[in-house]
Amino acid sequence: MEKGVNIEKGYVDMPIDKNMDIRAAILQLKKDKNALIMAHYYQNNEIQDIADYIGDSLALAQQAAKTEADIIVLCGVHFMGETAKILCPQKKVLVPDLNAGCSLADSCPADKFSQFVKEHPDYTVISYVNTTAEVKAYTDIVVTSTNARQIVESFPKDEKIIFGPDRNLGNYINSITGRNMLLWDGACHVHEQFSVEKIVELKKKYPHALVLAHPECKKYVLQLADHIGSTASLLKFATQSECKQFIVATESGIIHEMIKHNPFKEFIPAPPEDSTCACNECNFMRLNTLQKLYNCLKYELPEIEVEKSIQIKAVKSIHKMLKISEELEL
Ligand code: 13P
Ligand code: SF4
């Protein structure tokens with residue numbers, strides 16, 4: 001390792017030449033190292049713009065599973081890097097900043113979850129992808145917001161199911177499938193923040209606008225929505241719709257891609273309860289910057305590691321999800 005290079009801060013904090021064209025330098029490093037840069041829709045605009053591939057959680061996992069690249073740089077949050085590493089244990093998986101966690105994944109500590117699973121031995125365990133590798137190792141099948149409904153419905157009506165960790169997504173899936181899954185009591189701090197009152201005010205101001213909401217939002221926000229779905233599904237709906245205005249109740253990073261696909265439509269970010277902060281931005285997702293991405297590619301740090309015994313178990317629950325998604329052409 002080059003002298004002075006460390007990840008004490010969770011990322012490589014090496015100075016970069018101010019005169020350097022950082023975009024060009026990233027593209028060159030990527031080419032030289034046969035690396036693939038993947039970004040989630042919630043990333044800062046400049047990261048989305050330089051990525052080889054932008055997608056939702058399902059698409060990022062699908063892409064990781066089939067890439068021929070030697071190095072995967074996952075610009076998203078930690079569990080997304082872990083998912084890529086679980087799927088490609090032989091490859092180097094890098095993230096620009098290890099501090100990019102997820103409040104939803106944090107709301108489900110592996111030791112407590114495994115205890116809960118042990119207390120319900122006759123239950124099938126379905127976990128949202130926003131979980132640690134260890135939680136995935138205690139899981140029968142992983143889901144994302146794109147395929148949760150179909151995967152739950154692939155089980156018999158009377159199947160006893162534990163669904164974790166997002167209570168809002170779990171409640172939503174229970175409501176549309178008529179199931180009574182046992183829910184883990186977790187949530188995402190960004191999606192829980194959207195204000196019902198402020199969305200109602202926006203609907204009065206923009207009477208023709210349709211409301212798009214991610215299923216991690218609270219029930220009362222979902223009741224106001226014209227379309228509920230994963231980030232990819234919200235993007236697709238906005239693109240195919242005849243409507244010209246949309247109120248967007250998910251992390252506002254998706255609006256960058258929505259505008260790219262629909263330059264003549266208007267996208268209004270749904271406001272959070274607390275208007276003193278940009279709470280509709282995920283503070284974890286937004287930790288990644290071009291400088292951290294450059295240093296990450298240059299020094300090949302920080303790298304995601306997943307213990308072998310956990311990888312072997314977790315990969316089974318992710319593979320099951322990918323197989324069903326492929327069969328359903330999701
Ligand atoms: P998607 O499945 O839409 O990518 O959602 C991921 C996420 O973190 C939502 O907060
Ligand atoms: Fe996690 Fe919420 Fe951020 Fe998505 S938006 S990564 S669920 S904290």
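Just so you know, all these numbers are worked out from the coordinates, no wet-lab data involved. Model, not experiment: these values are computed from the prediction. Ideal geometry is used to build each Cβ from the backbone, glycine not excepted, and the neighbour counts take in all protein chains shown.
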* To do: With only Lys, Arg, Asp and Glu charged, each at its Cβ (+1 for the first two, -1 for the last two), find how big the charge dipole of the chain is about the Cα centre; round to the nearest 20 debye.
  => 340
* Asked: So what is the relative contact order of the chain, in percent, for Cα pairs below 8 Å that sit 6 or more residues apart?
  -> 23
* **Relative contact order, percent, the stretch 1-130 [alpha-carbon distance under 8 Å, six or more residues apart]** => 19
* Structure fact -> To the nearest 20 debye, the stretch 101-260 has a Cα-centred charge dipole, built from +1 on Lys and Arg Cβ and -1 on Asp and Glu Cβ, of 540
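Cα convex hull of the stretch 275-321: mean projected area in nm², to one decimal? Write down the numbers at each step before the final one.
Values: hull surface 23.7 nm².
Dividing the Cα hull surface by four gives the mean projection, 5.9 nm².
Please work out whether the stretch 7-67 counts as rounded, prolate or oblate from its C-alpha gyration tensor, where a ≥ b ≥ c are the square roots of the eigenvalues and a/c under 1.5 means rounded, while otherwise a/b larger than b/c means prolate and anything else oblate? Write out the running numbers ahead of the final one.
Details: a/c = 1.80, a/b = 1.60, b/c = 1.13.
It comes out prolate by the Cα gyration axes.
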* Dipole of the chain, positive direction: furthest Cα of Leu210, Phe113, Leu29, with charges on the beta-carbon -> Leu210
* Asked: Given H placed 1.01 Å from N in the peptide plane, which residues other than close sequence neighbours of Ile268 have an amide H under 5 Å from its amide H?
  -> Phe246, Ile247, Val248
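Can you pull the semi-axes for the chain, root of five times each eigenvalue of the Cα gyration tensor, sorted largest first, whole Å?
They are 31, 27, 17 Å, listed from largest to smallest.
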* Structure fact -> In order over the stretch 139-154: 3J(HN,Hα) from phi, Karplus 6.51/-1.76/1.60, θ = phi - 60°, whole Hz, x for each Gly or Pro, gives 10, 7, 8, 8, 10, 10, 5, 6, 10, 4, 4, 5, 5, 4, 5, 6
* Around Ile161, which amide H atoms from residues at least 5 apart in sequence, or from another chain, sit under 5 Å from its own amide H, with H modelled in the peptide plane? -> Thr124, Leu182
* To do: Using only alpha carbon pairs under 8 Å that are at least six residues apart, calculate the relative contact order of the stretch 1-78 and give it in whole percent.
  => 29
* What is the dipole size for the stretch 225-330, taken about its Cα centre, with +1 at each Lys and Arg Cβ and -1 at each Asp and Glu Cβ, in debye to the nearest 20? -> 300
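Please work out whether the stretch 167-309 counts as rounded, prolate or oblate from its C-alpha gyration tensor, where a ≥ b ≥ c are the square roots of the eigenvalues and a/c under 1.5 means rounded, while otherwise a/b larger than b/c means prolate and anything else oblate?
Working: a/c = 1.85, a/b = 1.27, b/c = 1.45.
Oblate, because a/c is 1.5 or more while a/b does not exceed b/c.
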